[in-house]
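The values are calculated or read from the model by the stated rules, or taken from the named source; none is laboratory data. Bear in mind that the values here come from a model prediction, so they are computed numbers and not experimental data. Positions of Cβ are generated from backbone atoms using ideal geometry, with glycine treated the same way; all protein chains shown enter the neighbour counts. Surface accessibility is based on the protein's heavy atoms, side chains included, excluding ligands, DNA and RNA. Shrake-Rupley method; radii C 1.70, N 1.55, O 1.52, S 1.80 Å.
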Amino acid sequence: MQNTNPVASGQSLLKAELHVHIEGAAHPELVHRLAERHGKNLDAFMRDDGTYIWSDFTNFLACYDKVAAVICTPEDYADLTEDYLLRNADEGCFYTEFFLSPDHVALMGMSYDNLLEGISEGYERAKAKSSAQGFPLEARFIVTCLRHMGPEAAIDVARRVAARPHPLVTGFGMGGDERLYSQRAFAPAFTIAHDAGLACTTHAGEFGNPLSVIDALDHLPVARIGHGVRSVEDPDLVRRLVDEAIVLEVCPHSNVALGLYPTLAEHPLPILIEAGVLTTLSSDDPPFFSTSVGKEYDEMAVANGWDRETMKGFTRRSLEAAFLDEATRAQLLDRLDRS
Ligand code: ADE
Ligand code: ZN
């Protein structure tokens, strides 16, 4: 495909993705393949053109669960991980962090070990294929609890992760319906995960107002916030994010698709950057929001007139904030500097 934006497109600019939910990354072609594999019907949630059927946050989450229900074996998770990482590599993305949800896989009768087996296999296949094509890639995994399943279920997830250390699982987080419970209610789960050596992030300031971000910073051991964009509504909070060097995993197309902002041009990312907040660019659930990591970089560059160095800054901040060992971080930063 022809590059439409020579600043950011294709493999020419190295990119990193810190905020993508693994089931939400399932490309419609892959979902069709898996549905055929398991004799499942997609009509209830996918149109003929491959777009997913939902209209607001509540039924987006329900549609997400239906897509997740098509991914039901370790081999499916291996195929999904490989497929997504290779698509990302095609767009120049050399580092990806996926959110994993043991609660979703449990609904399909799979254990956390089954999930680890699948994603590790998919990662190794993608890494080997991409390296053979001269574009080595890395990925890590952040286990998430689901907010709408409540604090007790979150403790269960945290205990399972803490009891089963894995070199690719480097973080703990929380997604799901931000309108239920407080962040504080999940402090016991986050403490278990953090004490086990996992770096933490949580979704806040997406459907919650700035108080949800304050609640997270006051009570959870988080270094990053998923979204966090509504912090812009509270100048004191913006100053706190800067002072505490909290990184926001910003997902512009997701925010517009879910109705937080009417257009990309009205997205507050430039205001947050101007204020000195550390921000990264991610795709959240790419096919649900007709996006990809490459599209996030390309369209934000065009919408704001950002040049190549500015876009490279997003990748640099992502690597600096990545839940990654220092040797690998240094290696990836060096590759970025030399690009
Ligand atoms: N799970 C998948 N996408 C999500 C989002 N944008 N917010 C909260 N939970 C999610
Ligand atoms: Zn998310």
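Would you mind stating whether Gly259 is on the phi > 0 side of the Ramachandran plot and in contact (Cβ under 8 Å) with a residue 60 or more places away in the chain? So Gly259 fits the description; yes. Within the stretch 43-55, being within 16 Å of ligand 2 (Cβ to nearest atom) and part of a loop (DSSP other than H, G, I, E, B) holds for one residue alone: Trp54.
Within the stretch 137-164, residues that are farther than 26 Å from Tyr123 by Cβ and of a type outside the set (Gly, Ala, Ser) reach partners that are open to solvent by 10 Å² or more (accessible area, probe 1.4 Å) and assigned to a strand (DSSP E or B) with beta carbons closer than 8 Å, at six or more positions or on different chains, in the pairs Arg147/His203. Out of curiosity, is Thr73 buried (at least 24 other Cβ atoms within 10 Å of the Cβ) and hydroxyl-bearing (Ser, Thr, Tyr)? Judged against the criteria, Thr73 is not a match.
Taking the criterion of being open to solvent by 30 Å² or more (accessible area, probe 1.4 Å) and of a type in the set (A, V, I, L, M, F, W, C), the residues of the stretch 241-274 that qualify are Val242, Ala245, Val256, Ala257, Leu260, Leu264, Ala265, Ile271, Ile273. Among the candidates Lys312, Lys295, the residue that is open to solvent by 60 Å² or more (accessible area, probe 1.4 Å) and not in a loop (DSSP other than H, G, I, E, B) is uniquely Lys295.
Looking at the stretch 138-160 only, could you name the residues that are open to solvent by 10 Å² or more (accessible area, probe 1.4 Å) and away from ligand 1 (no atom under 16 Å from the Cβ)? Across the stretch 138-160, the qualifying residues are Glu138, Arg140, Pro151, Glu152, Ile155, Asp156, Arg159, Arg160. Condition check for Cys200 on (1) touching a Pro at 6+ places or on another chain (Cβ under 7 Å); (2) open to solvent by 10 Å² or more (accessible area, probe 1.4 Å); (3) of a type outside the set (Phe, Trp, Tyr): one failure, at (2).
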